[in-house]
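Asks: One structure follows; several queries about it will come next.
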Amino acid sequence: QVQLVESGGGSVQAGGSLRLSCAASPGTMISLKDMSWHREVPGKERELVALITTSGTTTYADSVKGQFTISRDNAKKMVTLQMNSLESGDTARYYCNARKGARGILSVWGPGSQVTVSS
């Protein structure tokens, strides 16, 4: 059993930066495999923004390559999304996701954190 909680969201002016963090509940003993960030806006499908494996291999959506950076701290069971040069199109609710267990089949979602970019 594990819970994820995002933090760091908020409002920012276009061109600014934000850093989102997602951490597993303290004391979590379950192994976390791939961890990722997704975003969702009303009326649109939730999309993968960035993913990072346990070993550190990363994958980014074309729309954020060179703009966002995902990283993780396995000891802290934490994943971070550094977002730079934010634009209005980046406005969305961002969700943290992690696959858990030895098989890495089950997925856990955080409650999400709103990011609003104003012009």
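The values are calculated or read from the model by the stated rules, or taken from the named source; none is laboratory data. Since the structure is predicted, the reported quantities are computational estimates derived from the model, not experimental observations. Cβ: placed from backbone, ideal geometry, glycine included. Neighbour counts: every protein chain shown. Heavy atoms of the whole protein, side chains included, go into the accessibility calculation; ligands, DNA and RNA do not. Shrake-Rupley method; radii C 1.70, N 1.55, O 1.52, S 1.80 Å.
Asks: Quick one: net charge of G56's neighbours, Cβ under 13 Å, K/R +1, D/E -1?
Replies: Net local charge, G56 excluded: 0.
Asks: Sticking with this one: Rounded to whole Hz and in sequence order, give me ³J(HN,Hα) for the range 55-63 from the Karplus expression 6.51 cos²θ - 1.76 cosθ + 1.60, θ = phi - 60°, writing x for Gly and Pro.
Replies: Per-residue couplings from phi come out as 7, x, 5, 10, 9, 10, 5, 4, 5 Hz.
Asks: Can you give the net charge of the other residues whose Cβ lies under 12 Å from the Cβ of S31, counting K and R as +1 and D and E as -1?
Replies: For residues surrounding S31, the net value is +4.
Asks: Determine the share of the chain's accessible area contributed by carbon and sulfur atoms, expressed in whole percent, with a 1.4 angstrom probe.
Replies: Looking at the chain in its full context, I get 49 percent from C and S.
Asks: Now for a different question. Which pairs break 24 Å Cα to Cα here: K33/K65; K33/K76; K44/K100; K44/K65?
Replies: As for pairs spanning more than 24 Å Cα to Cα, those are K44/K100.
Asks: Report for the chain the percent antiparallel among DSSP-assigned beta bridges with both residues inside it, nearest 5. The partial results should precede the final answer.
Replies: On the way: 38 of 42 bridges.
Bridges in the chain that DSSP calls antiparallel: roughly 90 percent.
Asks: List the residues whose amide H sits under 5 Å from the amide H of V49, counting only those 5 or more places along or on another chain, with H placed 1.01 Å from N in the peptide plane.
Replies: W37, H38, R39
Asks: Give the peptides 25-31, 63-69 in descending order of average Cβ contacts within 10 Å, highest first. Don't jump to the answer; show the numbers that get you there.
Replies: Numbers: 25-31: 12.0, 63-69: 15.0.
Put in order of decreasing packing, that is 63-69, 25-31.
Asks: Another one. How much accessible area per residue does the range 24-119 have, in Å², with a 1.4 Å probe?
Replies: Per residue, the range 24-119 has 54 Å² of solvent-accessible surface.
Asks: Summing Lys, Arg as +1 and Asp, Glu as -1, what charge do residues with Cβ under 12 Å from the Cβ of K77 carry, K77 excluded?
Replies: Its environment carries a net charge of +3.
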